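Asker: Below are the structure tokens for one structure; questions will follow.
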Amino acid sequence: MRLMHLLLPTLDPASTRAFYRDVLQLPVSGDGVRIGWSTLEPVAAERAVGSLHLAFNVAPDRFAAATAWLRERVPLLADPQGREQFRLDGPWQSESVYFAGPDGAVLELIARAPLGGRGAGHGAFHGRELQCLSEVGLPSANVPAVVTSVANHFGAQPLGAASDAFAPLGDHEGLLIVVEPRRRWFPELRQLPWAQGLRLTVRGPQAGLRLRDAEGWELLAA
């Protein structure tokens, strides 16, 4: 599942664009930030903003360089045991580091071994090597209903096991991380999930499909 466009409410759109441009070295065109085939478009929030989760894919052979690059630019987030790097086996086959973004966002760089291939860069890492927006966190009071709707209408199945509190829907190119609203974001386990006013457009089987959740977010197919 490719995540094509994210309309992102934020307290200060200009500052948010500057973060992605200056800290993550991503190109800004007009109101949008480009990450490979994905576009992130910050817009002024109409109400209070909470903690969003986003992840960005990086080539597995560039993960060490990307981590070193990130450490020089922002503090990494740690879990309660003080760990800053995380490896998952099973269907994930991934390595991750986390860091804070604008408005208390929990951001992640993730290298996914099943995608294979080699990164486009060598030597020192640069933000232009970030491949795409690969995860968006979406809270819902009815995670199973979202799983069913996304499977039936968007053709995305869970990547591994899903529960009533957590369901990763899609594939290694793009995942919807659907969580129960009281499930705090990893790794710090402090921030509650938020996505009020967020609108995510994905490449889907039928353009124009739309899913709205009571937590205030929308999923569209293009």
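The values are calculated or read from the model by the stated rules, or taken from the named source; none is laboratory data. The structure presented is a predicted model; accordingly, all values stated were derived computationally and were not measured. Cβ sites come from the backbone with ideal geometry, for glycine too, and all protein chains shown count toward neighbours. These accessible areas exclude ligands, DNA and RNA; they are computed on the full protein's heavy atoms, side chains included. Shrake-Rupley method; radii C 1.70, N 1.55, O 1.52, S 1.80 Å.
Asker: Of the residues that sit in region 202-222 and are closer than 17 Å to GLN157 by Cα and within 15 Å of the chain's Cα centre (by Cα), which one is surrounded by the most Cβ atoms within 10 Å (Cβ to Cβ)?
Answerer: Looking at residues that are closer than 17 Å to GLN157 by Cα and within 15 Å of the chain's Cα centre (by Cα), I get LEU219.
Asker: If you don't mind, there's one more thing I want to ask. Going by the conditions given, is VAL49 in contact with a Ser or Thr (Cβ under 7 Å, 6 or more places away or on another chain), in a loop (DSSP other than H, G, I, E, B) and aliphatic (A, V, I, L, M)?
Answerer: yes
Asker: Another question, if that's okay. Would you mind finding the one in ALA161, ALA195, ALA222 that is farther than 20 Å from PRO42 by Cβ and among the small types (Gly, Ala, Ser)?
Answerer: Exactly one residue qualifies, and that residue is ALA161.
Asker: Looking at (1) in contact with a strand residue (DSSP E or B) (Cβ under 8 Å, 6 or more places away or on another chain); (2) open to solvent by less than 40 Å² (accessible area, probe 1.4 Å), find the lone condition where GLN85 falls short.
Answerer: Checking GLN85 against (1) in contact with a strand residue (DSSP E or B) (Cβ under 8 Å, 6 or more places away or on another chain); (2) open to solvent by less than 40 Å² (accessible area, probe 1.4 Å), the one that fails is (2).
Asker: Restricting to region 153-207, what's the tally of residues that are over 14 Å from ARG2 (Cα atoms), out of contact with any Lys or Arg (no Cβ under 7 Å at 6 or more places or on another chain) and among the polar types (S, T, N, Q)?
Answerer: Residues meeting the conditions: 1.
Asker: Could you say whether any residue in region 129-139 is of a type outside the set (A, V, I, L, M), within 18 Å of the chain's Cα centre (by Cα) and open to solvent by 60 Å² or more (accessible area, probe 1.4 Å)?
Answerer: Scanning region 129-139 turns up at least one residue that is of a type outside the set (A, V, I, L, M), within 18 Å of the chain's Cα centre (by Cα) and open to solvent by 60 Å² or more (accessible area, probe 1.4 Å).
Here is a yes/no grid of residues against (1) of a type outside the set (S, T, N, Q); (2) in contact (Cβ under 8 Å) with a residue 40 or more places away in the chain; (3) open to solvent by 20 Å² or more (accessible area, probe 1.4 Å); (4) part of a loop (DSSP other than H, G, I, E, B):
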{"position": "GLN81", "(1), (2), (3), (4)": "no, no, yes, yes"}
{"position": "SER96", "(1), (2), (3), (4)": "no, yes, no, no"}
{"position": "ILE110", "(1), (2), (3), (4)": "yes, yes, no, no"}
{"position": "ALA120", "(1), (2), (3), (4)": "yes, yes, yes, yes"}
{"position": "VAL146", "(1), (2), (3), (4)": "yes, yes, no, no"}
{"position": "ALA151", "(1), (2), (3), (4)": "yes, no, yes, no"}
{"position": "VAL178", "(1), (2), (3), (4)": "yes, yes, no, no"}
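Asker: Select, from ARG34, ARG17, ARG21, the only residue that is basic (Lys, Arg), closer than 19 Å to ALA195 by Cα and either assigned to a loop (DSSP other than H, G, I, E, B) or open to solvent by 10 Å² or more (accessible area, probe 1.4 Å) (or both).
Answerer: Criteria check complete, one pass: ARG17.
Asker: Criterion first (more than 30 Å from TRP69 (Cα to Cα), under 18 Å from the mean Cα position of the chain (by Cα) and either among the aromatic types (Phe, Trp, Tyr) or in a strand (DSSP E or B) (or both)) does ALA167 satisfy it?
Answerer: yes
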